[in-house]
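The values are calculated or read from the model by the stated rules, or taken from the named source; none is laboratory data. Quick caveat, the model's predicted, so the values are computed rather than measured. Backbone-built Cβ (ideal geometry, glycine too); neighbour counts: all protein chains shown. Accessible surface is based on the protein model in full, side chains and every heavy atom, while ligands, DNA and RNA are left aside. Shrake-Rupley method; radii C 1.70, N 1.55, O 1.52, S 1.80 Å.
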Amino acid sequence: MQIPAKLKAFALVVTLGVTTLPAQMSAEVTVSHSNDPSPVLGLELNALLKQERSGLESVDADAIERLLSSFKPKSKAQTISYTQDFLASQPEASGGEQWQCLSEALYFEARGESVKGQFAVAEVILNRVSSPAFPNTVCGVVHQGTGKKYQCQFTYTCDGHADVVREQAAWDQVSKVAKLMLDGAPRTLTQGATHYHTRAVNPRWARAFAKTAQIGVHLFYRMPQA
């Protein structure tokens, strides 16, 4: 499916905001407030929203179906229960580079979320991997950015702080989520979402995106023609 040039620019990179965390949480942990694409690209968001209001190129039903089919897992997966008891019943997780990148993203971005919320954030990352608008690997998606401080998709990768895992129990849990998702767990919680932000903010870019779900503290959105 041909992606309009203006959407290619809109889709390339996203930035996650940062909020102050409670004192009991580790200092190096960051929480994503929004996947605002405008700071990274230096785009005029108001102009993009004006273009959006004037109408994007039409997409036929077949093209939309092909897009959504790209978010479906490639292999048959076991039944998933979004509970801590279910994860506790799973074997200790391990894997390669992509598993490591996904586990780290879930640890630093969503370890304080519910199990369902952690799976939802993992869905967003893998949905981006499936989209031609983003890098085609987990590590590529997680580390995509400009190379400048706070101008990256996931703040913990560019905030200047060491990425240290201090909560082993939390790591054990999110690493199992990462393993299950990479092994083909269904991506049905967020309906193909490629972006999210917390309820603490109301970014203007979200007006141009389709809201697909609300899980825990996060609202999820699908970028047009992602």
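Just to confirm a number: summing +1 for Lys and Arg and -1 for Asp and Glu over residues other than LEU106 whose beta-carbon lies under 13 angstrom from that of LEU106, what do you get?
-3
Taking a probe of 1.4 Å, how large is the accessible area per residue of segment 104-226, in Å²? Please list the in-between numbers first.
Details: 4590 Å² over 123 residues.
Dividing the accessible area of segment 104-226 by its residue count gives 37 Å².
If the viscosity is 1.567 mPa s and the temperature 4 °C, what translational diffusion coefficient in µm²/s does Stokes-Einstein give for segment 135-226 when Rh comes from Kirkwood over Cα pairs?
Details: Rh = 15.3 Å.
Answer, rounded: 85 µm²/s.
Counting other Cβ atoms within 10 Å, which trypsin sites (Lys or Arg not before Pro) in segment 72-146 have at most 13 and lie in a DSSP loop?
Qualifying residues, ordered by number: LYS74, LYS76.
Which value in nm describes the separation of the simple spin-label points at ASN202 and ASN136, placed 7 Å from the Cα toward the beta carbon?
4.1
Separation of segment 129-156 and segment 157-186 by C-alpha centroid, Å?
Cα centroid of segment 129-156 versus Cα centroid of segment 157-186: 16 Å apart.
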